[in-house]
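Since every read-out is calculated from the coordinates, none of them should be taken as a lab result. Predicted, not measured: the structure shown is a model, and the values here were computed from it. Reconstructed Cβ throughout: ideal geometry from the backbone, glycine too, with neighbour counts over all protein chains shown.
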Amino acid sequence: MSPVNVLLIGAGSRGTGYSQWIEKNKEVAAVVGVAEPREEFRQGIVNAHHLPASRVFRDWREAAAAGKIADAVIITTQDAMHVEPAEAFAAQGYAMLLEKPMAPDAAGCKRIIAAVQKHDIPFAVCHVLRYTDYTQRLIAMLDTGAIGEVVSIQHLEPVGYWHQAHSFVRGNWRNEKESSPMLLSKSCHDVDWIRYLMGAKCRRVSSFGSLVHFRKANKPAGSADRCVDCAVQDACPYAATRYYLGQLEKGHTGWPLDVLTRTPNRESILEALRTGPYGRCVYACDNDVVDQQVVIMEFDGGKTASFTMTAFTQHTARRTCLFGTRGEIYGDGRHIRHYSFMTNEWQQIDTQAPEDSITGGHGGGDWRLMERFIRAVATGDRKGILSGPVETLETHNMVFAAEKARLTGKVQEVK
């Protein structure tokens, strides 16, 4: 069977991460084209996959104008830049892997789904949490009745203090108008995952959250607008100089350092901190997304779930409690602890998930997603895709309802 040819639209952290899976699996897939406006990032894909000039584009429109040059397209542009390329490539018959969220509003999501269904293409959204070995082990336990009927779920997304500062205060997802609400950009796949485990339709949601800490009012006396110039940076846990240079000293040169510069070293990082967005004081940015939020969900049959997303933690694995009629489960992304009401005993399971990282795979989810998507394109069998159009639109609507509930202070029905 010939490898699946892939066109990459967007060569940032996510796009590059998926291309690295292809690099390691050349027998089943190949990157044959790239569209990326930033020369340094675009050239990284060109060099890694030996692309000819005729298959290198500055934006998705140039790539679409070239006609259908691949079997599949992976779209990892910014959140607000998904709808038009998704519609264009669907019309050309590309199988499509689309980074989450689909779009920052319900109307955009519906446009994408309409295009996908009209042209009947293989389609998956990168809800990578569904695809991990850990999640699939949980699903298998629930399906066999290990804790009876699931009645309620508690789920925590510990964003991490430095990840919040990097991505949601200084970075690309800091401002709703430029990206989307944080619940959508960071945690739409947490909401999706809760729905997947619950196995029932969500009916109503309420939510509370706000931007508590990363505001100009909390800027320390004597601080500067850039960390490299700051007289009080040694007393600040969010100092960019400490974090990024500290990562370099530990030998880390991947994410997030490669977001600052494609060639991380002391000189290039310091230059990025002097001139780029990642060197700004966290109390002097144009961020407006929340730094903490809670969501309460009601499902069919009166089942409930609560979700907490907070910046104010170490960057660690998500933690979940599932409560059923015959037992309970506690999980941390790798380990599952199961308590049976019948035996009054605990069982601990190590699912052997790999270490979590942005490119290496959210507990292996990125790699499993790529395996299943490429197999679906190669064989025409879409059963392995767990995050198709119907499932994804439903859980995006849960997020939109939760955001409306947060802004209005009223319980919202999920459409």
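Here region 96-133 and region 253-294 have alpha carbon centers that stand 29 Å from each other. Calculated on the Cα set of region 216-279, radius of gyration then Dmax: 11.9, 36 Å.
Within a straight-line Cα-Cα reach of under 27 Å, residue 410 can be paired with the following lysines, leaving aside sequence neighbours fewer than 8 residues apart in one chain: 100, 110, 177, 186, 201, 303. In a simple Cβ point-charge model (Lys, Arg +1; Asp, Glu -1; nothing else charged), region 191-324 has a dipole of about 400 debye relative to its Cα centre. Look at the dipole of the chain built from charges on Cβ: of 131, 43, 335, the Cα furthest out on the positive end belongs to 131.
Placing one equal scatterer on every Cα of region 4-121 and applying the Debye formula, the log10 ratio I(q)/I(0) at q = 0.11, 0.14, 0.19, 0.23 Å⁻¹ is -0.32, -0.52, -0.95, -1.35. By the equivalent-ellipsoid construction on the alpha carbon gyration tensor, region 286-407 comes out with semi-axes of 25, 24, 19 Å, ordered largest to smallest. Panel order for 36, 298, 149, 99, by other beta carbons found within 10 Å of each beta carbon, from fewest to most: 149, 298, 99, 36. Can you compute the FRET efficiency between residue 62 and residue 249 using 1/(1 + (r/R0)^6), with r the Cβ-Cβ distance and R0 = 41 Å? Round to the nearest 0.05. Efficiency at R0 = 41 Å is approximately 0.50.
For the chain, DSSP calls about 60 percent of its internal beta bridges antiparallel.
Restricting the calculation to Cα atoms, region 155-313 yields a radius of gyration followed by a Dmax of 17.9, 59 Å.
Using Cβ point charges alone (K and R +1, D and E -1), the dipole size of the chain about the Cα centre works out to roughly 420 debye.
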